[in-house]
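See below for the structure under consideration.
The values are calculated or read from the model by the stated rules, or taken from the named source; none is laboratory data. Computed from a predicted model, the values in this text were never measured in an experiment. Glycine also receives a Cβ, built like all others from the backbone with ideal geometry; neighbour counts cover every protein chain displayed.
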């Protein structure tokens, strides 16, 4: 579905509703199943909700907050807000009350649309401190009361008036201009106070149009919307799906995702590396827990898939051009698919042909595994400030280990050496193009720092190869210098352990220290297998991680992963943790990025103790454990 003439998200939405003839735009889950929502119902509900908002004083340019998990009401609310010419301000569902208050006050929200009673409670608890907030609409609350409207009840009451709300909605929606602000997205705050990223209709529409032909999505495709819609990655993807004529189903939750995948059987899905890591770990857990013959068959099948992959896909900096796969290998690959890979894919619905990974770097080893089993993962790169896509791999243009080629119409250059000391870590990526935000919301000083002669400073470090593929090597502000004056990129080291069967999560540290150290969360299923095999008894995870033999085993994995690195980059000491980093404890952002400052404060005592140890230079590294 081409979109050459579309300039605003409102035009995209209206065109999608009026030209759709094959499939419903959405699948909505109710009564324990997904049901198709036809375009006429989608447009009518959106137009009616827009009239409700207008009737309660929401005008063009007003900010309307959305605090909800992914669901069809999120999408319809967004389109209703945009249709009025208002500005959508999405909030992550995991935010604490203080963060909700900060964002609603900072943007001057006039209305907040929330989903659950818990989200309603958060907003009501801070409402007295928000002078601009006049209206709250709750998707799941009971009868209307006070300042709170029920989402469905308000739509039903408006519809009872007997007016056709679609014509005035369309007229108002088409008044929006490409340069109008569509949304203000607040950064997840991994390194400080959230900043409001202002994006226009033109910014986001450019991202949709520049990727619409890359993945072959068309009517009949089904997309699983799983990552937070409050993040620009999933949200722009949903606009992309709608524009392409695909049907969108929203996952109920992370816990329900495996069941939802079987119910919906999607063909495309956006993911982050942490999701891939969990799928990979689950596959290996099942294989290692099965009979010896099954393990042998799996390993043989994976070998055939990997051999085929290395002939057909570019891998690494020294990649050779793709070559034809010999007939004998094609037969073996087909048998491997029948015996092993098809069964793995069936656990994700059986129809997935495209996974797009973003928001954080994925390791080459992890991507190679998924390509080998017939689930291609196309890694891309972008930021909230760039709407989000800057570059992406796609069918016919894949080089594993990179984030793909820069989108047509987007300019990228790498900063000069004077941009900062980045020894061995790449240079800062600067971006210019129609996808780049006009600026942060009322933060003039930040905007002056973020832009130089029209070029946006991403803060990410990268390199470009001779084929035009971009590689991300680290985050400029996360680079640290050891006391010996050597620079280390923690992301480079952390990415070595993606998909590792022993190391689940790792955070590398070392600013001003004699060596690089790390906090490590192990995969406890594998660790327990190791303990059982060695006759090690334990009553809890804490006790398991305190065992010297166990910690030496984990350390050996770290040593092996780092053995080819320069001495100053090797992880010399570790602290084992008994609990995963989590969103609930504030250690992870909504997109599963580690909040370094939070983790460092929480484990400050253990970190200090780790760096007091002697760092071995030639002998094997030692480790102790901490709860």
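If you go through segment 166-195 and keep only what is at pLDDT below 95 and closer than 20 Å to residue 64 by Cα, you end up with 186, 187, 188, 194, 195. In this structure, residue 391 qualifies as in the same structural domain as residue 335 (by TED's automatic domain parsing), modelled with pLDDT of 95 or more and within 29 Å of residue 566 (Cβ to Cβ).
In the set 499, 535, 485, only one residue is buried (at least 16 other Cβ atoms within 10 Å of the Cβ), in a loop (DSSP other than H, G, I, E, B) and either without any contact (Cβ under 8 Å) to a residue 12 or more places away in the chain or within 31 Å of the chain's Cα centre (by Cα) (or both); that residue is 499. The residues in segment 227-255 that are free of Cβ contacts under 8 Å to residues at least 60 places away in the same chain and either buried (at least 24 other Cβ atoms within 10 Å of the Cβ) or touching a strand residue (DSSP E or B) at 6+ places or on another chain (Cβ under 9 Å) (or both) can be counted, and the count is 2.
Take residue 68 and decide whether it is closer than 21 Å to residue 237 by Cα and in the same structural domain as residue 132 (by TED's automatic domain parsing). Criteria met by residue 68.
In segment 445-482, how many residues are in contact (Cβ under 8 Å) with a residue 24 or more places away in the chain and in a strand (DSSP E or B)? The total comes to 18. From the list 61, 57, pick out the single residue that is assigned to a loop (DSSP other than H, G, I, E, B), closer than 25 Å to residue 162 by Cβ and either at pLDDT 95 or above or assigned by TED's automatic domain parsing to the domain that holds residue 220 (or both). From the options 61, 57, the qualifying one is 57.
Let me confirm something: among 50, 23, which residue is assigned to a loop (DSSP other than H, G, I, E, B) and touching a residue at least 40 places away in the same chain (Cβ under 8 Å)? Only one candidate passes the filter, namely 23. With respect to residue 619, is the statement that it is modelled with pLDDT under 85, out of contact with any strand residue (DSSP E or B) (no Cβ under 8 Å at 6 or more places or on another chain), more than 26 Å from residue 556 (Cβ to Cβ) and surrounded by fewer than 16 Cβ atoms within 10 Å (Cβ to Cβ) true? No: the conditions fail for residue 619.
Scanning segment 219-259 for residues that are closer than 22 Å to residue 387 by Cα, touching a helix residue (DSSP H, G or I) at 6+ places or on another chain (Cβ under 8 Å) and in a loop (DSSP other than H, G, I, E, B) yields 226, 227, 228, 229, 231, 245.
Taking the residues in segment 115-161 that are surrounded by 18 or more Cβ atoms within 10 Å (Cβ to Cβ) and part of a strand (DSSP E or B) as candidates, determine which candidate is modelled with the lowest pLDDT. Across segment 115-161, the extreme among qualifying residues is 148.
Looking at segment 162-194, which of its residues are under 19 Å from the mean Cα position of the chain (by Cα) and either buried (at least 21 other Cβ atoms within 10 Å of the Cβ) or outside the structural domain of residue 14 (by TED's automatic domain parsing) (or both)? Once the filter is applied, which keeps residues that are under 19 Å from the mean Cα position of the chain (by Cα) and either buried (at least 21 other Cβ atoms within 10 Å of the Cβ) or outside the structural domain of residue 14 (by TED's automatic domain parsing) (or both), segment 162-194 yields 183, 184, 185, 186, 188.
Of the helices (runs of 4 or more DSSP H) lying entirely inside segment 326-404, those carrying at least 2 residues that are over 26 Å from residue 281 (Cβ atoms) are 327-336.
Criterion applied to 544, 507, 519 was being assigned to a helix (DSSP H, G or I) and either outside the structural domain of residue 281 (by TED's automatic domain parsing) or buried (at least 20 other Cβ atoms within 10 Å of the Cβ) (or both), and the one residue passing it is 544. Considering only segment 66-84, I want to know if a residue exists there that is over 26 Å from the mean Cα position of the chain (by Cα), more than 24 Å from residue 227 (Cβ to Cβ) and either part of a loop (DSSP other than H, G, I, E, B) or modelled with pLDDT under 95 (or both). Yes: segment 66-84 contains one or more residues that are over 26 Å from the mean Cα position of the chain (by Cα), more than 24 Å from residue 227 (Cβ to Cβ) and either part of a loop (DSSP other than H, G, I, E, B) or modelled with pLDDT under 95 (or both). Checking each residue in segment 354-379 for being surrounded by 24 or more Cβ atoms within 10 Å (Cβ to Cβ) and farther than 14 Å from residue 276 by Cβ picks out no residue at all.
Hey, any hits in segment 90-97 for a residue that's buried (at least 20 other Cβ atoms within 10 Å of the Cβ) and over 20 Å from residue 238 (Cα atoms)? Yes, the conditions are met somewhere in segment 90-97. Is it the case that residue 515 is over 23 Å from residue 595 (Cβ atoms) and touching a strand residue (DSSP E or B) at 6+ places or on another chain (Cβ under 6 Å)? Against the criterion (over 23 Å from residue 595 (Cβ atoms) and touching a strand residue (DSSP E or B) at 6+ places or on another chain (Cβ under 6 Å)), residue 515 qualifies. Looking at 336, 319, just one residue is crowded, with 16+ Cβ neighbours inside 10 Å and modelled with pLDDT of 90 or more, and that residue is 336.
Within segment 85-114, being part of a strand (DSSP E or B) and closer than 24 Å to residue 592 by Cβ holds for 88, 89, 90, 91, 114. Looking only at residues that are surrounded by fewer than 18 Cβ atoms within 10 Å (Cβ to Cβ) and at pLDDT 85 or above in segment 547-556, which one is nearest to residue 513 (Cα to Cα)? Filtering segment 547-556 for residues that are surrounded by fewer than 18 Cβ atoms within 10 Å (Cβ to Cβ) and at pLDDT 85 or above, the one nearest to residue 513 (Cα to Cα) comes out as 556. Here residue 585 clears all of (1) under 18 Å from residue 92 (Cα atoms); (2) crowded, with 18+ Cβ neighbours inside 10 Å; (3) touching a helix residue (DSSP H, G or I) at 6+ places or on another chain (Cβ under 9 Å); (4) modelled with pLDDT of 80 or more except the condition numbered (2).
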